[in-house]
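What follows draws every value from the coordinates through simple rules; no lab data is involved. Only a predicted model underlies this, so the values are computations on that prediction, with no experimental measurement involved. So basically every Cβ, Gly included, is an ideal-geometry build from the backbone, and we count neighbours across all protein chains shown.
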Amino acid sequence: MTKNGARFDVLGIGNAIVDVLAHVDEEFLIRHDLVKGAMRLIDEAQAERLYEALGPTIEQSGGSAANTIAALASFGCDAAFIGKVRDDQLGRVFTHDIRATGAHFDTPPATDGPTTARCLVLVTPDGERTMNTWLGAAQNLSPEDIDEELVKNSAITYLEGYLWDPPAAKEAFVKAAEIARAAGRKVALSLSDSFCVDRHRESFLELIRNSVDILFANEAEIKSLYQVKHFNDAMHAVRRDCPLAVLTRSAAGSVIALPDDVHVIEAHPVKKVVDATGAGDLFAAGFLAGYSRGLELPDAARVGAMAAAEIIQQMGARAVRPFHEVARENGFHHF
C-alpha cells in the first residue's frame, strides 16, 4: 500500500489520556474491589482516592489510539492524532509527549469543563494490568474537533472503540469515517475492550459492515461481537462482514481473516512479561507500519507481533527504543 498522495500514513482518533502506572499485589485489587485485567470507568473523586492509595507511580501519556500513533511515529511513519485535553498540567504533558514522538497533534484544548483524562494502570506481578479510567476532557471530543483536511490527507484513519461511548465523540467518529471514505481513504477500527463491545454490539456491527476496511480485535472482543464461544466461529463470521480483520490471540499469535483466505501468524518470542499494557495498541501499530510500507499481510502481522512483544517486556505502552531500530534488528529492513 502507498499513501496515494496523502501527507500522513495514519491518523488516529481517540481518548487523550495520561497513564499513571503502579505495581500492586493481588491483595490491593481485592481490597479495592477491582476485577483483575478489566478496564472500568471511574469518576474524578474515585481517581483521586485510588491515586492516594498507590505507592510510587510512573506518569506517561497514553490512550489506546495515541499509543498506536506514537509507535507508528517511532517506526518512522508519518502519523497524526486527534484527541481532546484540557488546558491544565496533564493536558500540557499529553501534548508535549505526543508531539515529542514526531506525531502531528493540534486539537485545540478545552478551556473549561472536566480535567484532562487519566488512567490508573495497576500492574500485578504476572504483568497483567487492571485499568481505572477517568475520561474527563477526552470524552468531550466533538465533531467540531475533526479536522476535515487532516482526515482527507491521511491514508488510513484509525478509530478507537472506546470513543463509541460518549454521544458527541461517537458523532465525531462517524464524521471522520464518512470524510475518509468520501476521500477514497481507508478506515481502521479497534474494538478496544470486550465490555465496550457488549455495550455497543449492534452499532459496531453496522459500522464494520458499512464503513470499516481494517478491523483490529483480540480473541475476547471478536467472540463478544458475534456472541459465540469459539474463536473459529467468530473468525468465520467476521470474514463475511469486513474486508480485512486482524485478530490477536496473545501467546497463540494472530490471525488475518480475509473473505477468501486466512493467515495464522505465530507470536514473537518473549523472555519475560513485565507489563501487558498496550500490547494490542502496539500490535496494531506494527501491523499498520508494515502495511503502510507495502509488506505482505503476514509480514505486517509479524511486525505487529514484534512490536507487541517488545512493549510487554517493559513498563508502559510507549517504546523505550525507537521501533525502526528494533524492526531492523529483527530483519525488517523496510524501516
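Some observations on this one:
- Of LYS36/LYS229; LYS36/LYS186; LYS229/LYS272; LYS175/LYS229; LYS3/LYS272, pairs whose Cα-Cα distance is over 25 Å: LYS36/LYS186; LYS229/LYS272; LYS175/LYS229; LYS3/LYS272
- Only beta bridges with both residues in the chain are counted; by DSSP, about 35 percent of them are antiparallel.
- The distance from the alpha carbon centre of segment 23-78 to that of segment 238-302 is 24 Å, rounded to a whole number.
- DSSP beta bridges in segment 33-134 [antiparallel fraction, %, rounded to 5]: 50 percent
- Computed helical MRE - 222 nm, the chain, DSSP H runs ≥ 4 contributing -39500 (n - 2.57), nearest 500: -12000 deg cm²/dmol
- For segment 215-271, the antiparallel share of DSSP beta bridges with both residues in that region comes to about 70%.
- Highest-fluctuation residue, PHE283, PHE105, PHE216 considered, GNM on the chain with Cα pairs under 10 Å: PHE105
- TYR158, TYR291 arranged by Cβ crowding within 10 Å, fewest neighbours leading: TYR291, TYR158
- Gyration tensor (alpha-carbon) shape descriptor, the chain, a/c threshold 1.5: rounded
- Candidates SER64, SER154, SER142: whichever shows maximal mean-square fluctuation once the chain is modelled as a Gaussian network with Cα springs under 10 Å: SER142
- Calculated Rg and Dmax of segment 91-246 using C-alpha coordinates, Å: 16.7, 48
- Between segment 217-237 and segment 119-192, the Cα center-to-center distance that results, in Å: 22 Å
- The residues GLU128, GLU202, when put in order of fewest to most other Cβ atoms within 10 Å, stand as GLU202, GLU128.
- The ranking of LYS84, LYS223 by Cβ neighbour count inside 10 Å, starting from the fewest, reads LYS223, LYS84.
- The alpha carbon gyration tensor of segment 61-164 gives principal lengths a ≥ b ≥ c with a/c of 1.5 or higher and a/b no greater than b/c, which makes the shape oblate.
- Residue among ILE146, ILE13, ILE311 with the largest mean-square fluctuation in a Gaussian network model of the chain, springs linking Cα atoms under 10 Å: ILE146
- Three-way shape label, segment 198-265, alpha-carbon gyration tensor, a/c 1.5: oblate
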